[in-house]
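A.B. asks: If you scroll down you'll find the structure; I have some questions about it.
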Amino acid sequence: MEKAGGSPSVGGSYPQKNAEILSSQYGINLFLAGLLLTFAWAVHAVGISKSHLLSYLITLMLIQLLWMLWYLCRSCTQRRLIRDKDTHAGARWLKCGITLFAVITLILDSFKIGYYIDFSNCLSPTEGIFPITHAVHTILQVYFLWCHAKDIIQSFKTLERFGVIHSVFTNLLLWTNGVLTESKHQLNEHKERLITLGFGNITIVLDDHAPQCNCTTTTFCSIFSQGIYYLYPFNIEYHILASTMLYVLWKNIGRKVEQHQQHKTPFKFHGITVGMIFGLIVLTSTIAVVVVYLIQIGGSKIKSELALTMFYLHAIFVLALMCTAGIVALLIYRLEDRSLDNSKNPARKLDAELLVGTAAGSWLLSWGSILAIICAQAHPKYTWYNLPYSVLVIIEKYIQNLFIIESIHREQEKVNDDIKTLRIVTISRGNTLSLTPSYKEIYNGRAARDSGEVPCLLKGSVCGRENGGGDAAKEETSQENSSVMHSASDLSIYSSNSGTNNKRRILKNIAAFLFLCNLSLWIPPAFGCRPEYDNGLEEIVFGFEPWIIVVNLAMPFSIFYRMHSAASLFEVNCKT
């Protein structure tokens, strides 16, 4: 009987499993083809130009636009149907974050359009079509994610799988293109700084894709060309966030969810003042360090060494604070006895995998720096600060990952109704009974409870009303016992929950502090403050080109890790 009952479900899910496998393979091949095209353009392969790469990306965006329009039109015709939603996916704060990055991305597209107009004489038409298509793609995609990120698709599942996975890998290719373009700009600046630090034995050849013609308006050209690279970090974060939200949508296709809904947990500033103050101090000091670093680095050898020393000392101090905060949070979790939520949740699973996967990027850079310090024959003074910095980067991410993953898997604490119920002031013959019971009263209250006498407790009403002919003294005693029992119950509830509330307050402050610290540590590499490029020691040990390849591959993951950790810690703060 069980086989007969189970076989239809297995048979029904088999085609859908095939559709999932086929769509994933389609997406991977789409991505690999674009990746090789991007690589060919980067290394100046014969017969491959930037227009070929942009034509490929424009085609992918147009296909995604057609699919999104199809999905939106179909959703409009089925508005009256009740659809399943994944309450864990597409949180409001995540949508707000991606909207902010999308707005800055639109500014970037407008700069690219202006740049194309100024150099239109020697640029391919695709360089003008690309930012326009990308702007339309960005607007429609953000609207799509706001309206349908929580959807659990149950119709046209095979077609929708291909449409969603196409969107995922289109965003990943746009992310790759942004990372490569920004990295090439950073690499040119890095090569110039190495001359200042005295590494003359490194061959320096600037890799420039600048137009081979004069600009029509020099002032605007300078603004557009410089502004583009300061906006790229936001564009990069936008596409990686969009791809993760779309991936969760893809995983939810055909999924059956439990009927109970997750209750909303809004962010509140109450109770996290200490964490916010310390976090803002770290954020402010980090911005100051980045500004000084970018001004001083490359100015002279002494200024560059002082800039690197300042960066390392500041980062060591911040990372040590973060390690301490993470250890305290984990110790609090060890003292609590709360079960973990192991229910199926694609969004939560993806969060945990991204934390560990992207942390590997900075771990790779840290181990490379440690090995370079050990193996190098000459050690400038500032390079010794790189050793504790690299060790702390490894330890801090390890501790923080443990804290975040355990936090998002812990079951949310259920608030006892007795805690939310206000104390009842029982009035007897115009006299208000004391709300602070003596030891004798508490004892008598417990004795009455143990004997099975349960008082009448009604909000806003008087307990122990006359029942017709009852003795007044007996009634008064009954009312007093009712009040005392309620007061004793309140006392026990508050005493048992005071410790829990203190722990929760500490955890919320730690989450708020780590949230701001991760935002702070996202700023330096995102805006060009990258000591892995500038200290020069790793290039001497590993060779210039091999180390630059490692940095260019690992740095995007390291940058994304900080932003993703900040987003996860924001969720932890809301949930705690």
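A.B. asks: What's the number of the condition Ile139 fails, among (1) over 27 Å from the mean Cα position of the chain (by Cα); (2) more than 24 Å from Gln154 (Cβ to Cβ)?
C.D. replies: The one condition Ile139 does not meet is (1).
A.B. asks: Still on this model: Against the condition open to solvent by less than 30 Å² (accessible area, probe 1.4 Å), over 20 Å from Leu355 (Cβ atoms) and at pLDDT 85 or above, how does Asn509 come out, does it pass? So that I can check it myself, show each step before the final result.
C.D. replies: Numbers: open to solvent by less than 30 Å² (accessible area, probe 1.4 Å): yes; over 20 Å from Leu355 (Cβ atoms): yes; at pLDDT 85 or above: yes.
In short, yes.
A.B. asks: Same structure, new question: Identify, please: which residue in segment 91-114 is of a type in the set (A, V, I, L, M, F, W, C) and closer than 12 Å to Tyr232 by Cα and is, among those, farthest from the chain's Cα centre (by Cα)?
C.D. replies: Here is the first cut: in segment 91-114, the ones of a type in the set (A, V, I, L, M, F, W, C) are 91, 93-94, 96, 98, 100-104, 106-108, 111, 113.
Filter once more, keeping what is closer than 12 Å to Tyr232 by Cα: 101-102, 104, 106-108, 111.
Numbers: Phe101: 13, Ala102: 16, Ile104: 18, Leu106: 21, Ile107: 23, Leu108: 22, Phe111: 27 Å.
By that ranking, first place goes to Phe111.
A.B. asks: Sort through Ala347, Ala360, Ala376 and tell me the only one that's in the same structural domain as Val541 (by the TED database), aliphatic (A, V, I, L, M) and modelled with pLDDT of 85 or more.
C.D. replies: Unique residue meeting the criteria: Ala360.
A.B. asks: Open to solvent by 40 Å² or more (accessible area, probe 1.4 Å), assigned to a helix (DSSP H, G or I) and β-branched (Val, Ile, Thr): which single residue out of Thr133, Thr158, Thr138, Thr105 fits that description? Before the answer, list the steps.
C.D. replies: Details: Thr133 fails: open to solvent by 40 Å² or more (accessible area, probe 1.4 Å); Thr138 fails: open to solvent by 40 Å² or more (accessible area, probe 1.4 Å); Thr105 fails: open to solvent by 40 Å² or more (accessible area, probe 1.4 Å).
Exactly one residue qualifies, and that residue is Thr158.
A.B. asks: Next question, about the same structure. Working carefully through the options Ser51, Ser75, Ser55, find the one that is surrounded by 15 or more Cβ atoms within 10 Å (Cβ to Cβ) and modelled with pLDDT under 85. If you could, list the steps in order and put the result at the bottom.
C.D. replies: Working: Ser51 fails: modelled with pLDDT under 85; Ser55 fails: modelled with pLDDT under 85.
The unique qualifying residue is Ser75.
A.B. asks: Among the residues of segment 522-576, write down those that are at pLDDT below 85, open to solvent by less than 20 Å² (accessible area, probe 1.4 Å) and of a type in the set (S, T, N, Q).
C.D. replies: Residues satisfying the conditions are Asn535, Asn573.
A.B. asks: Also, I was wondering about something else. When the residues of segment 318-337 are narrowed to those that are over 23 Å from the mean Cα position of the chain (by Cα) and surrounded by 13 or more Cβ atoms within 10 Å (Cβ to Cβ), which ends up nearest to Ser520 (Cα to Cα)?
C.D. replies: Step one: of segment 318-337, the residues over 23 Å from the mean Cα position of the chain (by Cα) are 331-332, 334-337.
In the following step, the residues that additionally are surrounded by 13 or more Cβ atoms within 10 Å (Cβ to Cβ) were identified as 332, 336.
Details: Ile332: 25, Glu336: 30 Å.
Here the answer is Ile332.
A.B. asks: Return the total of residues in segment 18-48 being modelled with pLDDT of 90 or more, under 23 Å from Phe130 (Cβ atoms) and of a type outside the set (Phe, Trp, Tyr).
C.D. replies: Qualifying residue count, segment 18-48: 9.
A.B. asks: Does Met310 satisfy being over 26 Å from the mean Cα position of the chain (by Cα), in the same structural domain as Tyr398 (by the TED database), surrounded by 15 or more Cβ atoms within 10 Å (Cβ to Cβ) and at pLDDT 90 or above? Reasoning before the result, please.
C.D. replies: On the way: over 26 Å from the mean Cα position of the chain (by Cα): yes; in the same structural domain as Tyr398 (by the TED database): yes; surrounded by 15 or more Cβ atoms within 10 Å (Cβ to Cβ): yes; at pLDDT 90 or above: yes.
Here the answer is yes, as Met310 does meet what is asked.
A.B. asks: Right, Thr358: surrounded by fewer than 18 Cβ atoms within 10 Å (Cβ to Cβ) and assigned to a helix (DSSP H, G or I) or not? Give the derivation first.
C.D. replies: On the way: surrounded by fewer than 18 Cβ atoms within 10 Å (Cβ to Cβ): no; assigned to a helix (DSSP H, G or I): yes.
It is false that Thr358 is surrounded by fewer than 18 Cβ atoms within 10 Å (Cβ to Cβ) and assigned to a helix (DSSP H, G or I).
A.B. asks: Yes or no: Ile281 modelled with pLDDT of 80 or more and either in contact with a strand residue (DSSP E or B) (Cβ under 6 Å, 6 or more places away or on another chain) or open to solvent by 70 Å² or more (accessible area, probe 1.4 Å) (or both)?
C.D. replies: On the way: modelled with pLDDT of 80 or more: yes; either in contact with a strand residue (DSSP E or B) (Cβ under 6 Å, 6 or more places away or on another chain) or open to solvent by 70 Å² or more (accessible area, probe 1.4 Å) (or both): yes.
So Ile281 fits the description; yes.
A.B. asks: So in segment 121-130, with the set limited to residues that are in contact with a helix residue (DSSP H, G or I) (Cβ under 7 Å, 6 or more places away or on another chain) and in contact (Cβ under 8 Å) with a residue 60 or more places away in the chain, which one is most open to solvent (accessible area, probe 1.4 Å)? Give the steps one after another, and end with the answer.
C.D. replies: Looking only at segment 121-130, we keep the residues that are in contact with a helix residue (DSSP H, G or I) (Cβ under 7 Å, 6 or more places away or on another chain), and these are 123-124, 126-130.
When the remaining residues are screened for being in contact (Cβ under 8 Å) with a residue 60 or more places away in the chain, the result is 123-124, 126-127, 129-130.
On the way: Leu123: 26, Ser124: 36, Thr126: 23, Glu127: 42, Ile129: 85, Phe130: 13 Å².
The selected residue is Ile129.
A.B. asks: Sort through Leu387, Leu350, Leu392 and tell me the only one that's open to solvent by 10 Å² or more (accessible area, probe 1.4 Å) and more than 26 Å from Glu538 (Cβ to Cβ).
C.D. replies: Numbers: Leu387 fails: more than 26 Å from Glu538 (Cβ to Cβ); Leu392 fails: more than 26 Å from Glu538 (Cβ to Cβ).
Criteria check complete, one pass: Leu350.
The values are calculated or read from the model by the stated rules, or taken from the named source; none is laboratory data. Since this is a predicted model, take the numbers as computed values, not measurements. Virtual Cβ from ideal backbone geometry, glycine too; neighbours counted across all protein chains shown. The protein model used for the area step is the full one, side chains on, heavy atoms only, and it has no ligands, DNA or RNA in it. Shrake-Rupley method; radii C 1.70, N 1.55, O 1.52, S 1.80 Å.
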